[in-house]
Each structure stands twice: as structure tokens, then as C-alpha cells.
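Visitor: So that we are looking at the same thing, I have put the structure below in C-alpha cells.
The values are calculated or read from the model by the stated rules, or taken from the named source; none is laboratory data. Because the structure is a prediction, the values reported are computed rather than measured. As a convention, Cβ positions derive from the backbone with ideal geometry for all residues, glycine included, and neighbour counts pool all protein chains shown.
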Amino acid sequence: MNRGFHCSSLTMAVYKGLCLCSLMWIVSAAERKEFKVTCLASEDCVLPCQFRSDGQGARVMWYKKKAVVSCTRYGNTSFVVGHNSPADKYKGRTGLFADQVLEGNATLMLRNATPNDEGKYYCITMTAPSTDESGIISLVIEAPIREVDIEFSSDTITCSAEGIYPAPSLTWSTDPPTDARLLQNKTKTQKNKLGFYDIRSYLRLTGNVATDHTYICCVSSDTNKKTAFLRHEASIVTPAGGGVMISCSLPHTILQSFNLTWRFRRSGPIASINVVDQKSWAEIWDKWKPHVFSNFSISSGLKLHSLKSEHQGNYTCEVRTPEEIYVTWTDVAVTEDSQQYTYIYIFIILGLIYFLILSYGTLVILGYKIVGLERRARRQAENTDEATESLNTE
């Protein structure tokens, strides 16, 4: 039974004796056989340790350099004095198989491993009559390249990968091939506090590099490598309410399993196709269903209709395989409906013509009325003159 991690206090002399015993064991263990254990980062590591047990009680201690990894008592350990607390970075991350310790199994479980955990570990077991010395466990941590992201912006292509160990490298190339001196890039590798490496590279496009090339970014480490391909297709212009057909670059060899995802502005997906063992199923996201033709397939590209100004931007097709990613980048511009403006212009012109005609007609009518009034005025004046002359004659 595990009696916990609390041991009685030591006198200074006993404590020094215990430390000396531990150091002597480490020196002795350095001459023993070394076992190598390889673990994947962020997963659990099992460090084996077997010892001779009397089935009554045992104290199990794990060390890495001068740091205490684990110190635990099991069964009757009245013969043991003192307790060593684990270092802060190991607290809550270690455990033993409690039901197997008194059977001679002191194997350590190290949870959520990181590159900082890499190194040599020592196991000390104490039973009533003796102290058992295990071999050295050399722990190697690997964090393979999981994803490589590649994107295009203005005149720069960015390629990046994160959470890798050991340190990766990155190279650029094109298809068709380009003189390497024209592939001007800036690559930066950083190590985070957990020991993982992040790598990012910026490739500046120059006038000497053809825009219709496929750009290839390869990230590799000691454990694996992954390659990203990016092709920037010619921009497409369509009027509002119209439709477009956007192409997608596919691997030269169609694999049995891969994923194809269409995205708008590198954010949420538009549609996707998953292929597993040559069986496929497609999905279109609800907000895009009014704009995606129903015959959506791998080879036909993405066919959109009834586009609005809000649908203007970059569209990407991402094809992911276990080792590669293919990205096709296409910019789509949605212009206002020119026919609609034509009708507006026609209505405006007709309105102006109508206004001019109406104004001209009004002026003509007013002219006739003025002329008529003038004639009446003359007639009245003439009649008045005649009447005056007649009266004078009489």
C-alpha cells in the first residue's frame, strides 16, 4: 500500500548520510549499463526500473542529475528515515504502478513529456535489508513536424511550423525550378520555454521570379519532414450576382486518404471533402450553401454563384496528405452590376429629356399666350382709338 509522500524529519547527520549514499549510488550507476527510452512529446513516458523486493516495504526514489523526480514509500518502511520532495517541474506529473511496487516493479510514469525532460534518470530502491541499484535510463524526446502552414500576402510567401524537437531546418524551391539566388528569404528559428522549436520563413517574390510557379517549402528534422506547395492563380473578376469557378491544385498521385478544404480569407471553411481508403464524403457549411453549386467534387473545383461584394477576397484550396499540403490561392473581385448602372443612366437621361421637352413645351405655350395677349391689347387699343375719332367727328 502506498503510504504517501510524508516521511519523518531527519537529524542532520542521518540526512548527510542519505545524500552521500545517493551520490555513491549515482557514481556506481554510471558504470552500469545504460538503457535508452524514446518518447513522443506531450505524451506519457514509461521509464522501467526493476528491483529485488521482500514484499514487505520499499522506498522508491527517482533522480535526474541533482533534481528529485519522485520519492515514494510503499508498505512497511519503518527502516527508512526522511523524504525528498520532487522538484517543482515534476510535481503532479509522475506516478508509479502502486499495485506492482512490492512485486519489484518501480517503473516511473512521466506525464506530458517535453524536450526539457530529456536526459539521464536514475532509480534507487530501498528495502529492509538492502539498497538496489538500477541501470541508467537515457530519455530521448521527439516532437515530429505535425503541420506546415503556407500562405501568400502581397509580394511575400510565409511558411511556418511549430512545436518541433529537435531543431528543424527549412528550404525553398519552385516548380519549374528557379535559380536559388532569386529565392530571397529570411528564416527564423525560436526555442520556447518548454524546449520546442518554432520555425518561420518569409520568401520575398522578385520580378525575376515567375508568378505562375509553384512555390515549395520543405521543413525537416531528425524524425520526419513535411512539404508545403503553394500556387497563386490569376485573379478573377465577376459582377455582383454572377458566378466563378475556382481551380484547385491536386497531388500528382491521388492517394487513398487525404482531406480537401476550401476556405475564404484563410478563416472558416466553405466546403470540404474527406477521402479515406478511396471512399469520400463532402460537406458544405450552411452559410455557403446558397452560393455553392450542388455538384461539388474533387476534380471540378469550387463553383460559386450569386456572389455579393462581401464575397470579395482570397479563396484557398488546401489538400492535406500525411506528408504534404497543397495550397491554391486565388483572389476574387466582385464588381457592382454594370447592367444595373446602365438602366440607371438610361432612366436619368430619359428624365432629363422629359424635363427638357416639358420645359420647352411650357415655354412655347407661354409664348403663344403672351403673343395672344399682346394682339388683344393692340385690338383694344385700336378699337379705343376708332371710338375716340368717331366722337370727335360728331
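Visitor: Give all pairs with beta carbons closer than 7 Å in which a residue from the stretch 42-59 that is in contact (Cβ under 8 Å) with a residue 12 or more places away in the chain meets a residue that is buried (at least 21 other Cβ atoms within 10 Å of the Cβ) and of a type in the set (D, E, K, R); count only pairs at least 6 apart in sequence or on separate chains.
Guide: That search, which allows pairs on different chains as well, returns Arg59/Arg73.
Visitor: With the stretch 173-264 as the region, which strands (runs of 3 or more DSSP E) entirely inside it contain at least 2 residues that are in contact with a strand residue (DSSP E or B) (Cβ under 7 Å, 6 or more places away or on another chain), among the aliphatic types (A, V, I, L, M) and within 30 Å of Val292 (Cα to Cα)?
Guide: 225-232, 236-239, 244-246
Visitor: Do you know which residues across the stretch 41-68 are under 17 Å from Asp132 (Cβ atoms) and either assigned to a strand (DSSP E or B) or not assigned by TED's automatic domain parsing to the domain that holds Phe97 (or both)?
Guide: Across the stretch 41-68, the qualifying residues are Leu47, Gln50, Gly57, Ala58, Arg59, Val60, Met61, Trp62, Tyr63.
Visitor: Looking for whichever is within 12 Å of Ala228 (Cα to Cα), surrounded by fewer than 15 Cβ atoms within 10 Å (Cβ to Cβ) and modelled with pLDDT of 90 or more here; the options are Glu151, Glu147. Which one fits?
Guide: Sole residue among the options that is within 12 Å of Ala228 (Cα to Cα), surrounded by fewer than 15 Cβ atoms within 10 Å (Cβ to Cβ) and modelled with pLDDT of 90 or more: Glu147.
Visitor: Ala271 fails exactly one of the following numbered conditions: (1) among the hydrophobic types (A, V, I, L, M, F, W, C); (2) closer than 30 Å to Ala161 by Cβ; (3) over 23 Å from the mean Cα position of the chain (by Cα). What is the number of that condition?
Guide: With respect to (1) among the hydrophobic types (A, V, I, L, M, F, W, C); (2) closer than 30 Å to Ala161 by Cβ; (3) over 23 Å from the mean Cα position of the chain (by Cα), Ala271 is out only on (3).
Visitor: Which of (1) farther than 30 Å from Ser257 by Cβ; (2) at pLDDT 90 or above; (3) touching a strand residue (DSSP E or B) at 6+ places or on another chain (Cβ under 9 Å); (4) surrounded by 10 or more Cβ atoms within 10 Å (Cβ to Cβ) is the odd one out, the single condition Ser306 does not satisfy?
Guide: Ser306 satisfies every listed condition except (3).
Visitor: Please enumerate the residues belonging to the stretch 107-141 that are part of a strand (DSSP E or B), touching a Pro at 6+ places or on another chain (Cβ under 8 Å) and within 20 Å of Phe97 (Cα to Cα).
Guide: Listed by number, the list holds a single entry, Ile137.
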